[in-house]
Amino acid sequence: MIIDTHAHYDDEQFDADRESLLAEMKAGGIGLIINAGSTIASWDKIIKLTEEYPFMYGAVGVHPDEAGTLDEEQFGRMEELLMREKIVAVGEIGLDYYWDKESHDLQKKWFIRQLGLARRKNMPVIIHSREAAADTFQIMKQHAQGMKAVIHCYSYSAEMAAEYVKMGYYIGVGGVVTFKNAKKLKQVVKEIPLENIVLETDCPYLAPVPFRGKRNSSLYLPYVAEEIAAIKGVTVEKVIQQTEENSRKLYNL
Ligand code: NI
């Protein structure tokens, strides 16, 4: 089965047809979906989704763009939510110097605090990192050694990916890999072992070709699997089987 390791079905872009869309997943070959947390407001919606759909799991965390909304009270609430059976990871957390919505110090502070919480709870982490390669790597080295992690929507060099693979982390690959101009990511996929790759959509964003620019959904993941198979010279079935195994290891499913 295909596992979508990173989706946002709590997003309002799915409000009009969420139910009918999610009803199509099984027939589309999508076996499990992990809905990642972004804002504090997303947490309750994610809990609800995990309760309504047997194939839906969740993560709670605060995205670096939202770091300014975190405080001790919300952090305590997050810790409580992590005890739920279908909440399987802390995320997405990290650094975003592209949008740069919060100061780097504040982003780093809550990134490190959330990593610490995941370690205490013995849970994997979903890492968001954009234009912040060096700082993310340094914080992961210092605070996440020995932890399970996925570097989601990976956008850095093959050399850095190799370093993350050495640390035992997974690299999240989504629709971007199908873009003609995504030379760097295609190179990453070529060089790192298939055993370290997981499939993800980040939907509603980043739909693969031929749906680029449209709303994304897990149903498009076969296009991502096909591209990875072509790059690595293996069958699509092999990509689906291996990434399923990887995703289960990552999230303890
Ligand atoms: Ni995301």
Problem - Charge dipole (debye, nearest 20) of the chain; +1 at Cβ of Lys and Arg, -1 at Cβ of Asp and Glu - result: 860 debye
Problem - Per-residue [θ]222 nm for the chain (sum of -39500 (n - 2.57) over DSSP H runs n ≥ 4, rounded to 500) - result: -12500 deg cm²/dmol
Problem - Hz values of 3J(HN,Hα) by residue in region 164-179 - Karplus curve (6.51, -1.76, 1.60), Gly and Pro given as x - result: 5, 4, 4, 7, x, 8, 9, 10, x, 10, x, x, 4, 4, 8, 6
Completion exercise
Check: in region 1-156 the Lys pairs 8 or more apart or on separate chains whose Cα atoms fall under 24 Å apart number 19
Handout entry: Exposure proxy ranking, count of Cβ atoms within 10 Å, fewest first, for Asp96, Asp17, Asp4, Asp71
Key = Asp71, Asp17, Asp96, Asp4
Fill in the blank from the handout: Full extension between Tyr205 and Arg119 adds, at 0.36 nm per residue less the Cα distance, a length in nm of 28.0 nm
Problem - Distance-filtered residues of region 36-72 - backbone nitrogen under 18 Å, label point 7 angstrom along Ser103 Cα→Cβ - result: 64-72
Exercise for the section: For region 2-251, build the charge dipole from Cβ charges (+1 Lys, Arg; -1 Asp, Glu) around the Cα centre, then report which of Phe211, Ser103, Ala182 sits farthest towards its positive end. Expected result: Ala182
Handout entry: Semi-axis lengths, Å, region 2-251, gyration tensor of Cα atoms, sqrt of 5 times eigenvalues
Key = 25, 22, 16
Exercise for the section: Check cross-link reach from Lys186 to the lysines: straight Cα distance under 17 Å, and skip same-chain residues fewer than eight apart. Expected result: Lys232
Practice task
Mind giving me the nanometre distance, one decimal, between the label points for Lys184 and Arg215, set 7 Å out from Cα along Cα→Cβ?
Solution key: 3.0 nm
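What ranking do His6, His63 get, fewest neighbouring Cβ atoms within 10 angstrom at the top?
Ordered from fewest to most neighbouring Cβ atoms within 10 Å, His6, His63 come out as His63, His6.
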Practice task
Have a look at Ser38, Ser103, Ser218 and tell me which one the Gaussian network model of the chain (Cα, springs below 10 Å) gives the largest fluctuation.
Solution key: Ser103
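All of the numbers you see were taken from the coordinates with simple rules; none came from a lab. Just so it is clear, the model here is predicted, and its values are computed rather than measured. A quick note on method: Cβ atoms are made from the backbone with ideal geometry, for glycine too, and the neighbour counts reach across all protein chains shown.
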